[in-house]
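Taking it in order: structure first as structure tokens, then the write-up.
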2 protein chains.
Amino acid sequence: MKQMSEALLGEVSQKFKVLSDPIRLRILHELQAGERTVNELVAATRSSQPNISKHLALLKTAGLVHRRKQGNQAYFSIAAPYIFELCDIVCGGIAEELEKKNQSLA
Amino acid sequence: MKQMSEALLGEVSQKFKVLSDPIRLRILHELQAGERTVNELVAATRSSQPNISKHLALLKTAGLVHRRKQGNQAYFSIAAPYIFELCDIVCGGIAEELEKKNQSLA
DNA sequence: AGCATATTTGACTAATTTACCAAGAAGAAT
DNA sequence: ATTCTTCTTGGTAAATTAGTCAAATATGCT
């Protein structure tokens, strides 16, 4: 990583902020399996419909999901596949931490 | 990514939350060049000293940095190198977005 | 037109997060 | 001992964010 401008730093932190909510991660995880309507996502998350709608709006503003409207429904899909790479790396880090914790107990 | 438990989702989102602040990213970026004392980090960020100290405490709790106390000073260093990978990916995503935006203007 | 379904938006509340200030703690220097 | 430096912590005010409910919008159906 070279010199980071204040502006870039701000943008990066905002992306992370969008990813810093379990419900939004759940939504993205669900979308990984393919396009979903709002109602399908509501069912997958057990949160209220307006709430999910707002989270989706946020994800869309951040450019992480795409929205397609057809008839009555809105279909959402992943717009930035790199997010799964991010999650995988973090999961790896968490697994490593756990391993270390277990080793220190032994 | 396989099935994600609610618990793991929560942990992952918390890691992202820690990374979702420009000052903390600046600190981490500074630490990428090597160990630093609190005061050096204050100088690098132009934020107040207590504020940096709190951000450092947060980063430490999250397991992202390591703290070593020697004499009067506390030396901080990177504990989870994977964070730079994360930032690189996000930067790549941002660059891609920008490119797309520029293309659509042309 | 009138009703039903799917989704978004606005107003509001509660919770979380950030930054600031002042005070505290720990070590080094005199 | 006391004073200086470095760092951490507690209290608090301001800002941001998540959630809920109710109302609005948009489309499809009869």
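The values are calculated or read from the model by the stated rules, or taken from the named source; none is laboratory data. Just so it is clear, the model here is predicted, and its values are computed rather than measured. Cβ atoms come from the backbone with ideal geometry, glycine included; neighbour counts cover every protein chain shown. Please note that ligands, DNA and RNA were not included when accessible areas were found on the heavy atoms of the full protein model with its side chains. Shrake-Rupley method; radii C 1.70, N 1.55, O 1.52, S 1.80 Å.
Tell me, what is the FRET efficiency for A:Ala33 and A:Ser53 to the nearest 0.05, using R0 = 22 angstrom and their Cβ-Cβ distance as r? For R0 = 22 Å, the calculated efficiency reads 0.65.
Each copy carries A:Asn102; placing its label point 7 Å along the C-beta direction from Cα gives inter-copy distances of 4.7 nm, listed from smallest up.
Taking every C-alpha pair closer than 8 Å and separated by at least 6 residues, the mean separation divided by the residue count of chain A gives a relative contact order of 22 percent. Total buried accessible area between A and B, probe 1.4 Å, nearest 100: 3500 Å². With a cut-off of at most 16 other beta carbons within 10 Å, and DSSP calling the residue loop, which trypsin sites (Lys or Arg not before Pro) in region B:1-66 qualify? Please list them. Hits after loop and neighbour filter: B:Lys2, B:Arg46.
Selection among A:Ser53, A:Leu64, A:Pro22 by position relative to the dipole of chain A gives A:Ser53 as farthest towards the positive end (Cβ unit charges, Cα centre). Taken along the Cα-to-beta-carbon direction at a fixed 7 Å, the label points for B:Ser5 and B:Asn72 span 4.8 nm.
Distance check, please: which entries in A:Lys60/B:Lys54; A:Lys17/B:Lys101; A:Lys54/B:Lys60; A:Lys69/B:Lys15; A:Lys60/A:Lys100; A:Lys15/A:Lys69 exceed 29 angstrom between their Cα atoms? Distance filter (> 29 Å) returns A:Lys60/B:Lys54; A:Lys54/B:Lys60; A:Lys69/B:Lys15; A:Lys60/A:Lys100. The residues of region B:6-80 have, on average, 51 Å² of accessible surface per residue, using a 1.4 Å probe with all protein chains present.
With the full set of protein chains in place, find how many percent of the accessible area of the protein assembly as shown is carbon and sulfur; take the probe as 1.4 Å.
Carbon and sulfur: 50 percent of the exposed surface of the protein assembly as shown.
Any idea how far the Cα center of region B:74-96 sits from the one of region A:83-106, in Å? Taking the Cα centre of region A:83-106 as reference, the centre of region B:74-96 is 16 Å away.
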